[in-house]
Amino acid sequence: MKKAVTLVDVAKKAGVSVMTASRAMSGEGYASEETKAKVHAAAQELGYAPNALARMMKGGRTNVIGVVVNDLSSVVVNSFVTALSEEVRKYEMDLFIYNSLGDLGDGKGRRLSQMLHGLWDGLVFVLPRMSDDYLKTLEQSDSPIVLINYCRQETSLPVVRGDNVNGARDGVAHLIELGHRRIGFVRGTAYTGQSAERERGYRAALEAAGIDVDETLIAQGDFNEPSGVVAGRALLELAEPPTAIFAANDAMALGCMSAIREKGLRIPQDISIIGFDDMPAAAVSQPGLTTMRHPVAAMAQAAVQELMRRIQNQPGRRQRIEFPSEFVVRDSAGPGPGAPATKRGKARKQA
């Protein structure tokens, strides 16, 4: 069996003391850039892999960031994980991904705490589904923690999030400007609070235009495409169906588009639709889906920077960092019934 490479071997190869090699590898204490380069080159040549568990037991940093998600099949979650990975690499740290496959705090959350305790320098939760008790446990922890796109309730933890309310309001206002008055809304689940905020924006846009909210035009989905199909069918079966639909995310909007085609209707000539998130499929759907986009890369950068401040015992910037949504206009939203022809140019404006 091949003998494992140790820090002693790395130090000898680099021509430095073991203490200096340790400082260069861990980032704790001073080591010149030249020394760091020599030590890292020696480690790479020898195939040395620092033992994070050993460093943790000695009370040192592990140079590992944990990222907790609920569903790795989610395109939005994956986009955040990719952006976080790129940002963490800038700090010469590694990423540990844990897919909880459900709500945190249902037993899996307790196992998560036991498994990850002490093995990471900080944690990022992406679109977390967590119980109130689990959130409280995190708030009471002295571990560095940042939440991404958590809006369900106020928390003392730092949160990096996109502006859901104004983004949704802009989208629905766009439909109103195009002449639509009966606008349906497809809700998502209540896990992170994003759906509720997007519904607030929907209601605010209608109220600002003097349009009463018709509760029969609000259908329930679960942020997945099949639920959008079901919700779309329900809205289209109404005695007076909507002329436009706003779905709380792109996946449900694409599901609604399938339901619309099933009905033999055209988009946007017969009914308009917009989504939220600007997932890749939105740009290649037929027609292209009008939607709202959050700046994922900038949000990931802010989350890692905020986490690093706390890992390094520096003052945090602020508890809530919010980014505006960008409105992406494609071809799925067209003029409403009786709208003047001048609305058509705006409806066809490309992102």
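Taken together, the values in this text are just the output of simple stated rules run on the coordinates, not laboratory data. Since the model is a prediction, treat every value here as computed from it, not as a measurement. So basically every Cβ, Gly included, is an ideal-geometry build from the backbone, and we count neighbours across all protein chains shown.
Evaluate the distance, in nm, between pseudo-label points positioned 7 Å from the Cα of M19 and of Y91 along their respective Cα→Cβ axes.
2.8
Quick check: pseudo-label points 7 Å beyond the Cα along Cα→Cβ at E240 and A297, how many nm apart are they?
4.7
If R₀ is 22 angstrom, what is the calculated FRET efficiency for the pair S156 and A190, using the beta carbon separation as r and rounding to 0.05?
0.55
Tell me, V81, V284 in order of fewest to most beta-carbon neighbours within 10 Å?
Starting with the residue having the fewest Cβ neighbours, the order is V284, V81.
Using θ = phi - 60° and the Karplus relation 6.51 cos²θ - 1.76 cosθ + 1.60, list the HN-Hα couplings for region 159-168 in order, rounded to whole Hz, with x at every Gly or Pro.
With the stated coefficients, region 159-168 comes to 10, 9, 8, x, 7, 7, 5, 5, x, 5 Hz.
Taking 0.36 nm per residue of separation and subtracting the Cα-Cα distance, what length does fully extending R320 through I211 add?
Gain in length upon complete extension: 36.0 nm.
Where a Cα-Cα gap under 16 Å defines reach, which aspartates and glutamates qualify for K36, not counting those fewer than 8 residues away within the same chain?
Filter leaves D9, E28, E45, E92.
Using the count of nearby Cβ atoms within 10 Å as a rough guide to exposure, how do F327, F80, F125, F246 rank from fewest to most?
Lowest to highest Cβ neighbour count: F327, F80, F125, F246.
Among residues other than T20 whose Cβ falls under 10 Å from its Cβ, what is the net charge (Lys/Arg +1, Asp/Glu -1)?
Once positives and negatives cancel, what remains is +3.
With 10 angstrom as the radius, rank I260, I148, I211 by how many other C-beta atoms surround their C-beta, starting from the fewest.
By the 10 Å Cβ count, ascending: I211, I260, I148.
Pull up all non-local amide H partners of M130: gap of 5 or more, or a different chain, and H-to-H distance under 5 Å with H placed in the peptide plane.
Close amide H contacts, sequence-distant or interchain: L104.
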